[in-house]
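*Asks:* After the structure tokens below, expect a handful of questions from me.
The values are calculated or read from the model by the stated rules, or taken from the named source; none is laboratory data. As the structure is a computational prediction, the values presented were derived from the model and not from experiment. Neighbour counts are summed over all protein chains in view; Cβ atoms, including those assigned to glycine, are modelled from backbone coordinates with ideal geometry. Please note that ligands, DNA and RNA were not included when accessible areas were found on the heavy atoms of the full protein model with its side chains. Shrake-Rupley method; radii C 1.70, N 1.55, O 1.52, S 1.80 Å.
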Amino acid sequence: MNRLIKAFGTLLIFILVLSGLQNEASASPALCGIMSIEVDSEVNPEVNPEIDSEIDFMAESAIINNTEPHNLLDTLSVEITPYCSGTQMWEVIRGLATLTNTTNKINNYVTSGGTARAIEHFNRMPGTTVIQSPTTKTKTSDGKTVAMYTSTSTKQTTLSYPNGTFTDKIRYE
């Protein structure tokens, strides 16, 4: 079973690269971990739980040979729950933006995509959303809070997150 978990962990990395952040996924797999993996072999009644070693072999072979696992996904229901800390996910999001300047302990960044992309990035951060006002939402994880709000100066949707003694702000154009 440990080999199966390792095989699906590697498969998760491939899935994360091909989905989610898409072009933005370059750093995500290395930074994020697996919170849980649930495997249900009862999806296909033809699967016998005693053939774990055969399933392990199919998954391992597919990963080593960089091929699709033959019938593996047809016979199993796999639910993989990834976990990234807030800081880890912020590093991925911030890595997609361009630093414009640093003033008064604020690192200012800019990126494209407007409000829709800001919402997508905010939703990728861990924590429970708290609505502070009609234009401000926050999430707290690991003692750090990400805020999404409309900038008063530029009217652009902005995400901010603490970074040591500085605060990073990303404006979404």
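*Asks:* Every residue in the stretch 94-121 that is of a type in the set (Val, Ile, Thr) and modelled with pLDDT under 95, please.
*Replies:* Narrowing the stretch 94-121 to residues of a type in the set (Val, Ile, Thr): 98, 100, 102-103, 106, 110-111, 115, 119.
Listed by number, the list holds a single entry, Thr103.
*Asks:* Of all strands (runs of 3 or more DSSP E) completely enclosed by the stretch 96-145, which ones contain at least 2 residues that are within 12 Å of Arg171 (Cβ to Cβ)?
*Replies:* 98-103, 106-111
*Asks:* Search the stretch 91-106 for residues that are over 15 Å from Gly164 (Cβ atoms) and pair each with any residue that is in a loop (DSSP other than H, G, I, E, B) and of a type outside the set (Lys, Arg) when their beta-carbon atoms are under 6 Å apart and the residues are at least 6 apart or on different chains.
*Replies:* Correct list of pairs: Val92/Ala27; Gly95/Ala27.
*Asks:* Taking the condition of being touching a helix residue (DSSP H, G or I) at 6+ places or on another chain (Cβ under 6 Å) and open to solvent by 20 Å² or more (accessible area, probe 1.4 Å), how many residues in the stretch 85-105 meet it?
*Replies:* At the first step, the residues of the stretch 85-105 found to be touching a helix residue (DSSP H, G or I) at 6+ places or on another chain (Cβ under 6 Å) are 88-89, 92-93, 96.
So of that shortlist, the ones also open to solvent by 20 Å² or more (accessible area, probe 1.4 Å) come out as 88, 96.
Count: 2.
*Asks:* Also, I was wondering about something else. Every residue in the stretch 133-161 that is open to solvent by 60 Å² or more (accessible area, probe 1.4 Å), more than 18 Å from Arg94 (Cβ to Cβ) and touching a Phe, Trp or Tyr at 6+ places or on another chain (Cβ under 8 Å), please.
*Replies:* Thr135, Lys137 - these are the residues of the stretch 133-161 that are open to solvent by 60 Å² or more (accessible area, probe 1.4 Å), more than 18 Å from Arg94 (Cβ to Cβ) and touching a Phe, Trp or Tyr at 6+ places or on another chain (Cβ under 8 Å).
*Asks:* Just give me the residues in the stretch 125-146 being among the charged types (D, E, K, R) and under 17 Å from Asn163 (Cβ atoms), in sequence order.
*Replies:* From the stretch 125-146, those among the charged types (D, E, K, R) are 137, 139, 142, 144; that's our starting set.
Lys139, Asp142, Lys144, listed by residue number.
*Asks:* Considering Ile170, Ile64, Ile80, which residue is outside any strand (DSSP E or B) and either modelled with pLDDT under 95 or open to solvent by less than 30 Å² (accessible area, probe 1.4 Å) (or both)? Break it down stepwise before answering.
*Replies:* Values: Ile170 fails: outside any strand (DSSP E or B); Ile80 fails: outside any strand (DSSP E or B).
Going through Ile170, Ile64, Ile80 in turn, just one is outside any strand (DSSP E or B) and either modelled with pLDDT under 95 or open to solvent by less than 30 Å² (accessible area, probe 1.4 Å) (or both): Ile64.
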